[in-house]
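A.B. asks: Pasting a structure below so you can have a look.
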Amino acid sequence: MNMKDAFSFQDRVILITGASRGIGRAMAEGFRDAGAIVYGTGTREDSIAWMQDNGVNGRLLDVASHDQAAPLIKEIVERHGRLHCLINNAGISSTTPASHYKEEEMQQMLETNFKGAMRLCQAYYKAQRRHGGVIINVSSVMGIVATVLASVYCGTKGALIQLTKALAVEWAGAGFRVNALCPGFIETDMTSHIQSREGLMGRMIDTIPLKRIGRPEDLVGPAMLLASDASAYMTGQCIVVDGGMTAM
Ligand SMILES: NC(=O)c1ccc[n+]([C@@H]2O[C@H](COP(=O)([O-])OP(=O)(O)OC[C@H]3O[C@@H](n4cnc5c(N)ncnc54)[C@H](OP(=O)(O)O)[C@@H]3O)[C@@H](O)[C@H]2O)c1
């Protein structure tokens, strides 16, 4: 394999959910700069406006909805002939104590973080079953280890890792590779409530061997590895990107 070609994204078509902010945005910019045709989703009009202004094909899509995934993937495949990679990045978190969870909040988290990703995987598989494809699910270190005030979030992220492995096994014969990324603590809107607490940030950084919190850009290289032909023999795996936090 020529390694220059293996890492080429020129004219590759990539769909990233939740591409308007944080990790998804960094990935969208990274793949765009590498020559890919990038589609991104968000739930707000200003998210779509940002994408459209920045070389990303923005589409309104609430991953928690039951019927929006298939039409979007169909549109992309009809237009380009192929969708090379699906990145299920959209996600939500919560600090609700485990004993206080209400049915509605639990449902929203499951629909967004787990069922939403599954629906996109299904739609992608159906649209691409003649070609195969590449799926990257953005899970979390919280799918592997746990912390306080993250019970349902941890549950959905752990489930996403298992889903990744199960789909990798079930769809390998059809030419699909399915892997997960597990970010550690990354500086985005999702973690702003922790970033604003100085003492807590200091204690958090003490648990990270590389002595800094992650930046959204730290996920771009690992995503590119999994999306590229350079990882042609990797499937069902989970790459942890946490500055060494879970190695301690
Ligand atoms: N930040 C961390 O420390 C960290 C650590 C581990 C894992 N992760 C995971 O990484 C992923 C991205 O996190 P982030 O920190 O970048 O989050 P973020 O800054 O809060 O951004 C979330 C993105 O997801 C979109 N989104 C939210 N709900 C959606 C829905 N129902 N349908 C479609 N899009 C939706 C948002 O777009 P709109 O605003 O338009 O809805 C936004 O673009 C998540 O899956 C998260 O669990 C994050």
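A.B. asks: State the number of residues belonging to the range 84-116 that are within 14 Å of the ligand (Cβ to nearest atom), within 26 Å of Pro222 (Cβ to Cβ) and not in a helix (DSSP H, G or I).
C.D. replies: Residues flagged as within 14 Å of the ligand (Cβ to nearest atom), within 26 Å of Pro222 (Cβ to Cβ) and not in a helix (DSSP H, G or I) within the range 84-116 amount to 9.
A.B. asks: When residues of the range 37-53 are filtered for being aliphatic (A, V, I, L, M) and either within 10 Å of the ligand (Cβ to nearest atom) or within 11 Å of Ala19 (Cα to Cα) (or both), how many remain?
C.D. replies: So the count comes out to 3.
A.B. asks: Could you please find all residues in the range 177-218 being of a type outside the set (Ser, Thr, Tyr), part of a loop (DSSP other than H, G, I, E, B) and either at positive phi or open to solvent by 30 Å² or more (accessible area, probe 1.4 Å) (or both)?
C.D. replies: Once the filter is applied, which keeps residues that are of a type outside the set (Ser, Thr, Tyr), part of a loop (DSSP other than H, G, I, E, B) and either at positive phi or open to solvent by 30 Å² or more (accessible area, probe 1.4 Å) (or both), the range 177-218 yields Glu187, Arg197, Pro209, Leu210, Lys211, Arg212, Arg215.
Here's the yes/no breakdown for (1) surrounded by fewer than 22 Cβ atoms within 10 Å (Cβ to Cβ); (2) in a loop (DSSP other than H, G, I, E, B); (3) within 16 Å of the ligand (Cβ to nearest atom):
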site	(1), (2), (3)
Ile135	no, no, yes
Ala146	yes, yes, yes
Leu149	yes, yes, yes
Thr156	no, no, yes
Gly173	yes, no, no
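A.B. asks: Output the number of residues of the range 1-27 satisfying the condition of being crowded, with 24+ Cβ neighbours inside 10 Å and more than 7 Å from the ligand (Cβ to nearest atom).
C.D. replies: 4
A.B. asks: I'd like the residue in the range 175-191 that is in contact with a strand residue (DSSP E or B) (Cβ under 8 Å, 6 or more places away or on another chain) and β-branched (Val, Ile, Thr) and, out of all such residues, is nearest to the ligand (Cβ to nearest atom).
C.D. replies: By that ranking, first place goes to Ile186.
A.B. asks: Might you let me know whether the range 83-90 holds any residue that is over 25 Å from Ala230 (Cβ atoms) and buried (at least 22 other Cβ atoms within 10 Å of the Cβ)?
C.D. replies: Within the range 83-90, one or more residues are over 25 Å from Ala230 (Cβ atoms) and buried (at least 22 other Cβ atoms within 10 Å of the Cβ).
A.B. asks: Restricting to the range 117-133, and then to whatever is within 12 Å of Val178 (Cα to Cα) and outside any helix (DSSP H, G or I), can you tell me which residue is nearest to the ligand (Cβ to nearest atom)?
C.D. replies: Gly133
A.B. asks: Restricting to the range 50-83, and then to whatever is β-branched (Val, Ile, Thr) and part of a helix (DSSP H, G or I), can you tell me which residue is nearest to Lys115 (Cα to Cα)?
C.D. replies: Ile73
A.B. asks: Scan the range 50-74 for residues that are open to solvent by 50 Å² or more (accessible area, probe 1.4 Å) and either free of Cβ contacts under 8 Å to residues at least 12 places away in the same chain or hydrophobic (A, V, I, L, M, F, W, C) (or both) and report the count.
C.D. replies: Selection size over the range 50-74: 7.
The values are calculated or read from the model by the stated rules, or taken from the named source; none is laboratory data. In this text, all values refer to a predicted model and were calculated from it rather than measured experimentally. Backbone-built Cβ (ideal geometry, glycine too); neighbour counts: all protein chains shown. Keep in mind that these areas ignore ligands, DNA and RNA; they rest on the heavy atoms of the full protein, side chains included. Shrake-Rupley method; radii C 1.70, N 1.55, O 1.52, S 1.80 Å.
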